[in-house]
């Protein structure tokens with residue numbers, strides 16, 4: 001990075017800003033940030049761990065904005081926080097202890113999965129809006145027995161554990177997956193599910209960030225530039241994202257993810 005550090009920093013800051021704006025609009029930030037790290041010369045493994053550390057600031061701002069929505073609904077956070085953090089930590093450890101070339105071979109499939117999730121997001125949103133929400137209770141009142149409320153039975157535990165594991169190992173699209181799981185397991189309100197997701201994934205990202213930092217694979221100059229841009233993008237995102245057609249943005253990013261996956265297939269293979 002030293003030979004062209006000014007250009008590299010500019011590219012990463014800009015990518016961070018765009019990623020932060022996309023995250024505000026409900027998109028997948030890593031599908032912008034991760035390719036930017038590859039573009040400036042980081043190998044896939046180093047780009048992945050650097051990306052995870054760099055986007056902590058963006059996640060923190062999202063979680064901070066969610067606090068008002070969750071003030072009267074702490075139960076879901078208490079229920080799923082230990083499981084999500086534990087599974088995400090396991091995913092981070094798995095990433096660090098397995099050979100880097102194994103991740104290099106898996107990452108094209110993960111990038112494709114992230115792009116597919118982005119394209120499917122409108123379908124998931126429509127299904128969530130049609131989902132029955134049960135009886136409407138007054139604000140702050142306890143849900144009646146049998147009403148839609150998150151449960152710890154059935155598919156909920158393995159589903160949330162699976163999302164946490166994926167989040168620690170790679171992470172792109174984990175937010176979309178977490179929202180889907182929360183809504184399918186009983187959380188009837190989409191904005192609140194998004195707020196719960198923000199808090200769960202911020203907490204789940206903290207220990208993996210420490211694991212990655214200790215591992216010595218984080219490229220700190222890149223992480224700082226990307227992270228600074230992401231914080232700025234998160235702050236200006238609500239203004240900018242409202243003026244950009246979300247459908248166009250979604251398709252463009254998904255198309256870039258497919259192109260990136262093909263590139264990775266070719267270069268790794």
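Points to keep in mind about this one:
- Scan of region 41-62 for residues that are crowded, with 20+ Cβ neighbours inside 10 Å and farther than 20 Å from residue 213 by Cβ, ordered by number: 61, 62
- Meets criteria (in contact with a helix residue (DSSP H, G or I) (Cβ under 9 Å, 6 or more places away or on another chain), over 26 Å from residue 106 (Cβ atoms) and either in a helix (DSSP H, G or I) or modelled with pLDDT under 90 (or both)) for residue 53: no
- Exactly one residue out of 200, 184, 165 is surrounded by fewer than 23 Cβ atoms within 10 Å (Cβ to Cβ) and in contact with a helix residue (DSSP H, G or I) (Cβ under 7 Å, 6 or more places away or on another chain): that is 165.
- In the set 31, 102, 14, 94, only one residue is under 17 Å from the mean Cα position of the chain (by Cα) and part of a helix (DSSP H, G or I); that residue is 31.
- Residue match in region 4-19 (condition: modelled with pLDDT under 90 and closer than 27 Å to residue 198 by Cα): yes
- In region 65-78, the qualifying residues are those that are out of contact with any helix residue (DSSP H, G or I) (no Cβ under 9 Å at 6 or more places or on another chain) and assigned to a helix (DSSP H, G or I), and the one that is modelled with the lowest pLDDT is 75.
- The listed residue being under 16 Å from residue 61 (Cβ atoms) and over 13 Å from the mean Cα position of the chain (by Cα), out of 213, 209, 193: 209
For every residue, the table says whether it meets (1) modelled with pLDDT under 80; (2) more than 21 Å from residue 167 (Cα to Cα); (3) out of contact with any strand residue (DSSP E or B) (no Cβ under 9 Å at 6 or more places or on another chain); (4) surrounded by 15 or more Cβ atoms within 10 Å (Cβ to Cβ).
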{"position": "80", "(1), (2), (3), (4)": "no, no, yes, yes"}
{"position": "83", "(1), (2), (3), (4)": "no, no, yes, yes"}
{"position": "86", "(1), (2), (3), (4)": "no, no, yes, yes"}
{"position": "96", "(1), (2), (3), (4)": "no, no, yes, yes"}
{"position": "111", "(1), (2), (3), (4)": "yes, no, yes, yes"}
{"position": "124", "(1), (2), (3), (4)": "yes, no, yes, yes"}
{"position": "141", "(1), (2), (3), (4)": "yes, yes, yes, no"}
{"position": "149", "(1), (2), (3), (4)": "yes, yes, yes, yes"}
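- Taking region 206-226 as the range and being surrounded by fewer than 23 Cβ atoms within 10 Å (Cβ to Cβ) and in a helix (DSSP H, G or I) as the test, the residues that pass are 206, 207, 209, 210, 211, 213, 214, 215, 220, 221, 224.
- Near pairs, Cβ below 7 angstrom, 6+ apart or cross-chain, from region 59-85 (at positive phi) to any residue that is modelled with pLDDT of 85 or more and not in a helix (DSSP H, G or I): none
The values are calculated or read from the model by the stated rules, or taken from the named source; none is laboratory data. All of these numbers come straight from a predicted model, not from anything done at the bench. Because the Cβ atoms are built from the backbone with ideal geometry, glycine has one as well, and the counts that use them run over all protein chains shown.
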